[in-house]
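Accompanying notes for the structure given below.
The values are calculated or read from the model by the stated rules, or taken from the named source; none is laboratory data. Here the structure is a predicted model, which is why all the values come from computation and not from measurement. Virtual Cβ from ideal backbone geometry, glycine too; neighbours counted across all protein chains shown. Heads up: the accessible areas ignore ligands, DNA and RNA and are worked out on the full protein's heavy atoms, side chains in. Shrake-Rupley method; radii C 1.70, N 1.55, O 1.52, S 1.80 Å.
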Amino acid sequence: MKTNVGTVLLICLGAVASHAKDTAKSPNQPAGDVSFEYRFDDRLQQTPDSLARQALWFRDAKFGAFIHFGVYSTLEGEYEGRGSGFRYSEWIQISAQMSAKEYHAVAKTFNPTEFDADAWATTFKDCGIKYVVITSKHHDGFALFDSMVSDYDIVDYTPFKRDIIKELCDACHKQGLKFGVYYSHAQDWDEPDAPYLNSRCKRNVLHPDLLADFEPDMDRYIAKKSLPQVEELVKNYDLDLIWFDTPVGMDMERARRFSDTVRKYRPDCLINSRLIHRGKGKIEPEYLPLYDYVSIGDKEVPTKKLPLYVESPDSVSSSFGYKTKGNCYYHTEKEMIHRFVHTVCAGGNALINNGPMGNGRLDPEAVRIYGAMGAWLKVNGESIYATVRNPLDEKPEWGDLSASKDGRTVYLHILEWPASGTIAVKGLPATAATYLANGENADYAVEGEVLKITLPSEPLDPYDTVVKVALSSSSK
Ligand code: H79
């Protein structure tokens with residue numbers, strides 16, 4: 001319920017078709033070098049405070065469920081025959097060029113009656129997921145929590161009237177899962193003052209009543225909606241993590257206001273880098289005190305081990321929101337497990353998205369893929385949870401490596417079965433080698449500095465056969 005009803009002066013003011021700020025390049029698609037070498041300087045280090053926050057649970061968790069759920073989930077990527085060309089269904093307001101009025105009419109009917117927070121949390125837990133991050137407000141500006149700042153939320157605006165964030169937060173914590181929210185702090189298509197990511201977002205299409213001379217003022221939007229809603233979230237919900245996105249228009253001063261607000265109320269709550277850093281931009285050292293870990297690009301898998309702890313915002317499909325219209329593909333179980341393993345071996349978590357359906361049920365395809373991951377993790381979890389990145393300089397062509405924190409155990413993830421029937425790894429003084437798939441000893445020999453393993457004729461696991469190697473000295 002909205003309590004502090006401020007006079008909204010802006011609605012009747014004017015519009016410009018495309019303000020100069022809008023046409024700035026996308027935060028997630030900068031021109032130029034986007035290589036990991038360019039983005040991550042080896043000397044970068046998170047602050048001691050951030051490292052301590054990471055160590056509380058985040059570094060051990062590895063597997064998070066990202067959830068994109070909102071009004072867009074009901075449209076499934078198409079509105080009145082339009083908009084299915086974009087790969088992200090949560091972008092329907094832009095892809096179908098809907099006015100705020102048209103989108104509000106859809107929001108008015110949002111009624112996910114089948115939503116069952118306990119069922120979601122139980123499913124996630126059973127699949128080996130350790131934390132959950134759900135969209136509390138995406139770029140469309142619609143909140144899935146009961147906001148006092150704006151009535152454009154699930155409780156006040158829809159027939160559903162239940163606080164999804166509260167219910168899911170409680171259900172996750174009941175299952176021992178950590179809980180976080182995504183919040184679009186910069187973009188808000190419902191707010192004429194908010195900055196727009198790119199030229200596809202046209203202020204006068206979204207807000208046709210604005211006058212031609214309307215001058216957007218991002219700080220007015222931040223003061224009126226974005227920062228007060230973040231304050232509500234950290235004050236009223238037991239958040240372990242807050243996930244910002246698309247920091248268009250953000251600078252140090254603006255970002256600091258958000259960071260300070262989160263830390264004032266919830267000192268242990270993790271903050272991701274997109275508070276200010278573009279997923280594929282160079283990491284600036286002065287930004288590091290503002291956030292706790294680095295989100296790499298959307299659906300990006302690291303190709304090498306990285307010097308900062310990262311999280312890959314991946315998805316089971318090509319979209320984040322539930323999408324059935326137009327182009328959309330799902331990853332195979334094998335692809336998803338390989339992406340996950342590479343992310344962990346590079347030194348990071350995989351935050352793998354599912355888009356629940358408009359009726360509130362989880363997408364069965366997503367549950368199937370998570371299920372395959374969970375089954376694999378039941379057998380191979382020790383090679384993933386609470387591990388550290390590949391201790392060697394090189395990543396082998398047959399797969400990847402993770403290691404125990406003390407460096408005394410290394411896990412060889414054989415993702416591509418070598419035609420030669422053997423693998424050789426330099427720099428591992430092995431004293432034992434066993435397959436996690438069946439607990440049996442591997443046929444191995446140490447020749448000088450090289451560990452050689454003669455493999456069985458077939459993989460022991462359809463996705464990733466893991467060899468656990470005990471070392472005579474730490475690989476650290
Ligand atoms: O929440 C998910 C995305 O909606 C969000 N980040 C993830 C976690 C995101 N917002 N912006 N972007 C990602 C990048 C924007 C890409 C775009 Fe496009 C290029 C928007 C319009 C052109 C992709 C291609 C989406 C539509 C066409």
> Going by the conditions given, is VAL310 modelled with pLDDT of 95 or more and either more than 16 Å from the ligand (Cβ to nearest atom) or open to solvent by less than 10 Å² (accessible area, probe 1.4 Å) (or both)?
Replying inline: yes
> Does THR135 fit the bill of being within 29 Å of VAL234 (Cβ to Cβ), hydroxyl-bearing (Ser, Thr, Tyr) and within 16 Å of the ligand (Cβ to nearest atom)?
Replying inline: yes
> Which ones in the stretch 354-393 are part of a loop (DSSP other than H, G, I, E, B), open to solvent by less than 20 Å² (accessible area, probe 1.4 Å) and within 30 Å of GLU78 (Cα to Cα)?
Replying inline: GLY355, PRO356, GLY358, GLY360, ASP363
> Would it be correct to say that LEU308 is over 26 Å from SER383 (Cβ atoms) and either touching an Asp or Glu at 6+ places or on another chain (Cβ under 6 Å) or in contact (Cβ under 8 Å) with a residue 60 or more places away in the chain (or both)?
Replying inline: no
> If the Cβ limit is 9 Å and pairs must be 6+ apart or interchain, which residue in the stretch 195-210 that is within 13 Å of the ligand (Cβ to nearest atom) pairs with which residue that is of a type in the set (Phe, Trp, Tyr)?
Replying inline: PRO195/TYR221; TYR196/TRP189; ARG200/PHE86; ARG200/TRP91; CYS201/TRP189; LYS202/TYR196
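To keep it simple, each residue is scored yes or no on (1) open to solvent by less than 10 Å² (accessible area, probe 1.4 Å); (2) away from the ligand (no atom under 14 Å from the Cβ); (3) free of Cβ contacts under 8 Å to residues at least 60 places away in the same chain; (4) farther than 22 Å from ASP245 by Cβ.
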| site | (1), (2), (3), (4) |
| --- | --- |
| PHE142 | yes, no, no, no |
| PHE160 | no, yes, yes, yes |
| LYS166 | no, yes, no, no |
| HIS173 | no, yes, no, yes |
> Name the residues in the stretch 274-293 that are under 30 Å from HIS331 (Cα atoms) and either touching a residue at least 40 places away in the same chain (Cβ under 8 Å) or hydroxyl-bearing (Ser, Thr, Tyr) (or both), would you?
Replying inline: ARG274, LEU275, ARG278, GLY279, LYS280, GLY281, LYS282, ILE283, ASP292, TYR293
> Among GLY32, GLY77, GLY85, which is the only one that is touching a helix residue (DSSP H, G or I) at 6+ places or on another chain (Cβ under 9 Å), at pLDDT 95 or above, small (Gly, Ala, Ser) and open to solvent by 60 Å² or more (accessible area, probe 1.4 Å)?
Replying inline: GLY85
>> Conditions first: (1) within 16 Å of the ligand (Cβ to nearest atom); (2) under 30 Å from TRP376 (Cα atoms). LYS130 passes all but one, so which condition is the exception?
In response: (1)
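Conditions (1) of a type in the set (Phe, Trp, Tyr); (2) in the same structural domain as ALA372 (by TED's automatic domain parsing); (3) modelled with pLDDT under 95; (4) under 19 Å from SER473 (Cβ atoms), marked per residue:
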residue	(1), (2), (3), (4)
ILE423	no, no, no, no
ALA430	no, no, no, yes
TYR435	yes, no, no, no
ASN438	no, no, no, no
TYR444	yes, no, no, yes
VAL450	no, no, no, yes
THR454	no, no, no, no
LEU460	no, no, no, no
>> Give all pairs with beta carbons closer than 9 Å in which a residue from the stretch 260-273 that is of a type in the set (Ser, Thr, Tyr) meets a residue that is surrounded by fewer than 16 Cβ atoms within 10 Å (Cβ to Cβ); count only pairs at least 6 apart in sequence or on separate chains.
In response: TYR265/LYS235
> Looking at (1) modelled with pLDDT of 95 or more; (2) open to solvent by 50 Å² or more (accessible area, probe 1.4 Å); (3) under 21 Å from GLN187 (Cβ atoms), which is the one condition that is false for LEU13?
Replying inline: (1)
>> With out of contact with any helix residue (DSSP H, G or I) (no Cβ under 7 Å at 6 or more places or on another chain), more than 16 Å from the ligand (Cβ to nearest atom) and among the polar types (S, T, N, Q) as the only criterion, which of THR303, THR324 stands out?
In response: THR324
>> Name the single residue that is nearest to the chain's Cα centre (by Cα) among those in the stretch 451-467 being without any contact (Cβ under 8 Å) to a residue 40 or more places away in the chain and open to solvent by 40 Å² or more (accessible area, probe 1.4 Å).
In response: LEU460
